[in-house]
Structure formats: structure tokens, C-alpha cells
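Participant: Structure in C-alpha cells, see below.
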Amino acid sequence: METNETQVLMKTSLGNIKLKLYNETPQHRDNFIKLVKEGTYNGLLFHRVIKDFMIQGGDVTSKDAPMSKQLGAGDLGYTVPAEFVYPKYFHKKGALSAARTSDEVNPERESSASQFYIVTGKFFTEMELDKMEKEQGITFTPEQRQAYMLEGGTPHLDGKYTIFGEVVSGMKAVDKIQFTETNADDRPVKNIKIKSMKIVNK
């Protein structure tokens, strides 16, 4: 039975991205909805952009941040418990995931309250996936294999970060963001702003 999934329209300075939030990750979904409704994301930047990997936003200190400011640590002072729904949800292109601090300080892999990333990733060959399975002692599902070969993704993040939604439209904007020029800190040299986010009906 398919229950309705919440959709969020994110307007950025490089185009609109529509996201859907999964019901199987209720804590992440509800937290994201709350922040969207409160306007937390309005005016924040995509502060970390790595081509063929992901685009990251949600640092609450990034609003109007000068270029000299080190971004990436801004948060809301709480974390969201990990909700891994693996292998159903994995890091294919367009996956919406929660950022978090590293395993050393965060062995429970709890998510940042506000920071998120959208996977852009790269394409993998069958041989590369076979090799990863061997080296890491994992088995990809047929869905994963197909997605990583045909759409691209970041399989090495699977089961380590909570995926709580995906892009349903606006991948062009995501690609525009990932191909933007960045500085040594992976910050776009021209600010890419989240103008607004709002809950929308289908």
C-alpha cells in the first residue's frame, strides 16, 4: 500500500528541485518538514559541492557568509537518530541524505539536524561493482547494480548515512550545481542559494 509521500519544492539560484521524503524514515522526514515550514533553509547556501560526488547544503551559518568564512560546521545543536532503510534506499543519483559528523565522534552515525546532501555520483562498471563486493564483503542488489551502472551514485556511502528522500524533478538544476566552479574548500566561487523551500502537493 503506497501512502502519500511529502514533497518539497526547493527553489535555488540555479533552478528548482523537487524532492520527495520517504515515510520509512519518519524522524528525518518530520524534522525536515519542520525546518522547511520554519523557513530554516531560506537563504542558505550549497556550501560544499564536489563534482561526480554530491552537493551539500543546510549549514545554518552559511546565510550571507563572506567567501573567507569556513563553512560546514553550522548546525542546530541536536542530531537525528540514524534510520537506515538499506538496501531498499541506497546512494543512487538524486538520493537525498543527511550529512553527519564522522564515525570517530559519532559511532551511532546520527544525522545532522539541518545539513543534507543530494547525490550526483558517478557511473560504475560491472567489474568495479564486483571488485567492491569482493573487497568490502557486500552484495549489491540487482536494483543497486542497475542504478550504479545506468544512473550513477556513491555506493561507498551505503548503510553509513541516512537516505530520507530523493529528487523527483529538477535533476538539471542539481547537475548545474555540481558542475559549478569551486574553491579549495569545495565551496562554489559564486554563491548558490537556496531561495526557499516549501511543502507542495504532487
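The values are calculated or read from the model by the stated rules, or taken from the named source; none is laboratory data. Note that this is a predicted model, so its numbers are computed, not measured. Neighbour counts run over all protein chains shown; Cβ positions are idealised from the backbone, glycine included. Areas reflect the complete protein model, heavy atoms only, side chains present, ligands, DNA and RNA absent. Shrake-Rupley method; radii C 1.70, N 1.55, O 1.52, S 1.80 Å.
Participant: If you look at just the Cα atoms of the stretch 83-142, how large are its Rg and its Dmax in Å?
Facilitator: 13.6, 37
Participant: Take peptides 152-162, 187-197 and line them up by average Cβ neighbours within 10 Å, highest first, as a rough protection proxy.
Facilitator: Descending packing order for the listed peptides: 152-162, 187-197.
Participant: Taking only protein heavy atoms into account and a 1.4 Å probe, give the accessible area per residue of the chain in Å².
Facilitator: Value for the chain: 50 Å² per residue.
Participant: In whole Å and largest first, what semi-axes does the C-alpha gyration tensor of the stretch 14-58 yield when each eigenvalue is scaled by 5 and square-rooted?
Facilitator: Equivalent ellipsoid of the stretch 14-58: 21, 15, 10 Å, largest first.
Participant: Report the charge-dipole magnitude of the chain in Debye, nearest 20, computed about the Cα centre from +1 at each Lys and Arg Cβ and -1 at each Asp and Glu Cβ.
Facilitator: Roughly 960 debye for the chain.
Participant: Next up: When a/c is below 1.5 the answer is rounded, else prolate if a/b is larger than b/c, else oblate, so apply that to the chain with a ≥ b ≥ c taken from the square roots of the Cα gyration tensor eigenvalues.
Facilitator: Rounded.
Participant: Another question, if that's okay. Compute log10 of I(q)/I(0) for the stretch 33-147 with the Debye formula, placing one identical point scatterer on every Cα and leaving out solvent, at q = 0.10, 0.12, 0.24 Å⁻¹, to two decimals.
Facilitator: So the normalised log intensities are -0.38, -0.54, -1.43.
Participant: Ignoring ligands, DNA and RNA, what percent of the accessible area of the chain is carbon or sulfur (1.4 Å)?
Facilitator: 52 percent
Participant: Here's a follow-up. Using a basic spin-label model with each label point 7 Å from the Cα along Cα→Cβ, how many nm lie between ILE33 and ASN183?
Facilitator: 3.9 nm
Participant: Over all Cα pairs of the stretch 98-202, how is the pair count split among 5 Å bins, expressed in % and running from 0 up to the last occupied bin?
Facilitator: Using 5 Å bins, I get a P(r) of 2, 9, 16, 19, 19, 19, 12, 4, 1 for the stretch 98-202.
Participant: For the cross-link pairs LYS69/LYS193; LYS20/LYS69; LYS34/LYS122; LYS11/LYS69; LYS37/LYS160; LYS92/LYS134, which exceed 26 Å when the distance is taken from alpha carbon to alpha carbon?
Facilitator: LYS20/LYS69; LYS34/LYS122; LYS37/LYS160
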